[in-house]
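Student: Would you mind keeping the following structure in view while I ask a few things?
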Amino acid sequence: MKHLPENIQGVLFDLDGTLLDSAADLYAALVTLCEEEGAPKPAYAPVREVVSRGSRAILQCGFPDHDEPARLALVPRYLELYQDVMAHQTRAFDGVDDLLALIEARGMRWGIVTNKPAFLTDELVQQIGWAERASAVVSGDTLPVKKPDPAPVLLACEQAGLEPSRCLFVGDDRRDVQAGAAAGLYTVAASWGYLDGGDPHQWHADLVLDDPAQLTALLQRGPVLA
């Protein structure tokens with residue numbers, strides 16, 4: 001384990017699979033689309049595993065026999081269906097609420113860097129009740145590039161007034177670790193998330209944690225920022 005930075009200013013998070021367990025709603029939208037298209041309903045487990053890779057990967061689970069252009073043509077309808085249900089079953093992972101409260105109580109800031117489109121990100125963050133609390137929200141189409149490019153992470157640091165070297169980036173996908181590291185942040189792999197079938201211990205993160213409570217415990221040991 002690499003030591004945490006001194007005097008941490010803040011923590012940036014991936015959204016789906018890190019802060020929020022959103023797989024059930026993403027799956028529900030896929031099932032509805034399969035019904036509309038006359039395709040068999042896919043199993044839940046493979047869909048949950050690829051949630052962090054976004055709609056294209058999810059649609060591949062539901063329409064494995066379609067070629068890429070055919071699946072891309074289904075994306076707008078899938079996102080429309082998902083928007084209708086995206087806060088029905090989605091909840092913060094156990095321990096996330098305590099983690100965010102601890103970050104705020106200690107004078108640190110937190111933000112979100114996701115590859116989710118902004119029109120979905122902003123609505124979901126609002127419905128969850130975090131819109132007024134997050135110091136930065138950067139979505140997959142905020143910039144011309146997305147994770148694993150470091151630019152969205154650096155933009156979030158700028159929005160939140162954070163120095164990258166004094167900030168953590170937490171995510172459940174290899175691309176989160178790559179983006180955070182390239183931006184100069186301390187990287188935490190969230191093994192409680194979806195992981196895309198990968199082993200987070202192989203991602204070269206500075207730290208791998210099994211649940212949000214472990215990060216809460218680590219941050220409690222640090223100094224309170226003025």
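Student: Any idea which of G193, L33, Q220 is furthest toward the positive side of the dipole for the chain, if Lys and Arg beta-carbons carry +1 and Asp and Glu beta-carbons -1?
Tutor: Q220
Student: Additional query: Would the range 79-226 count as rounded, prolate or oblate if I go by the C-alpha gyration tensor, calling it rounded below 1.5 in a/c and otherwise prolate when a/b exceeds b/c, oblate otherwise?
Tutor: rounded
Student: Same structure, new question: Pairing the Cα long axis of helix 68-85 with the longest principal axis of the chain, what angle in degrees results, from 0 to 90 and rounded to the nearest 10?
Tutor: The angle comes out at about 70 degrees.
Student: Helix 23-37 versus the longest principal axis of the chain: what is the Cα-based angle in degrees, 0 to 90, to the nearest 10?
Tutor: 20
Student: Whose amide H sits under 5 Å from the amide H of W110, counting only residues 5 or more places off or on another chain, with H placed in the peptide plane?
Tutor: V11, S135
Student: Considering the dipole of the range 45-204 built from charges on the beta carbon (Lys and Arg +1, Asp and Glu -1) around the Cα centre, which of G180, L124, Y82 is farthest to its positive end?
Tutor: Highest projection toward the positive end goes to G180.
Student: Can you tell me the accessible area per residue over the chain, all protein chains present, probe 1.4 angstrom, in square angstrom?
Tutor: 44
Student: For helix 151-160, what angle does its Cα long axis make with the longest principal axis of the chain, in degrees from 0 to 90 and rounded to 10?
Tutor: 50
Student: Continuing with this model, one more query. Carbon and sulfur together cover what percent of the accessible area of the range 62-218 at a 1.4 Å probe radius?
Tutor: 49
Student: Using the Cα centre of the chain as the reference point, and only Cβ charges (+1 on K/R, -1 on D/E), how large is the resulting charge dipole? Debye, rounded to the nearest 20.
Tutor: About 520 debye.
Student: Along the positive direction of the dipole of the chain (beta-carbon charges: Lys, Arg +1; Asp, Glu -1; about the Cα centre), which of S139, G10, A70 reaches farthest?
Tutor: G10
Student: While we're on this one: What does the charge dipole of the range 1-130 about its Cα centre add up to, to the nearest 20 debye, if the Cβ of each Lys and Arg holds +1 and the Cβ of each Asp and Glu holds -1?
Tutor: So the dipole magnitude of the range 1-130 works out to roughly 340 debye.
Student: To the nearest 20 debye, what charge dipole does the range 1-74 have about its Cα centre, counting +1 at the Cβ of each Lys and Arg and -1 at the Cβ of each Asp and Glu?
Tutor: I would put it at about 200 debye.
Student: Sticking with this one: Sticking with the crude label model, points 7 Å out along Cα→Cβ, report the distance from A57 to A70 in nm, one decimal please.
Tutor: 2.3
Student: Tell me, what HN-Hα J-couplings in whole Hz come from the Karplus equation 6.51 cos²θ - 1.76 cosθ + 1.60 at θ = phi - 60° for each residue of the range 202-219, using x for Gly and Pro?
Tutor: Whole-Hz 3J(HN,Hα) from phi for the range 202-219: 9, 8, 6, 6, 5, 7, 10, 10, 8, 7, x, 4, 5, 5, 4, 5, 5, 5.
Student: What percent do you get for the relative contact order of the range 94-226 when only Cα pairs under 8 Å and 6+ apart count?
Tutor: Relative CO of the range 94-226 lands at 23 percent.
The values are calculated or read from the model by the stated rules, or taken from the named source; none is laboratory data. From a predicted model like this one, the values you see are computed outputs, not experimental measurements. For neighbour counting, all protein chains shown are included, and Cβ atoms are generated from backbone atoms with ideal geometry for every residue, glycine included. Each accessible area value is taken on the protein alone, full model and side chains, heavy atoms only, with ligands, DNA and RNA left out. Shrake-Rupley method; radii C 1.70, N 1.55, O 1.52, S 1.80 Å.
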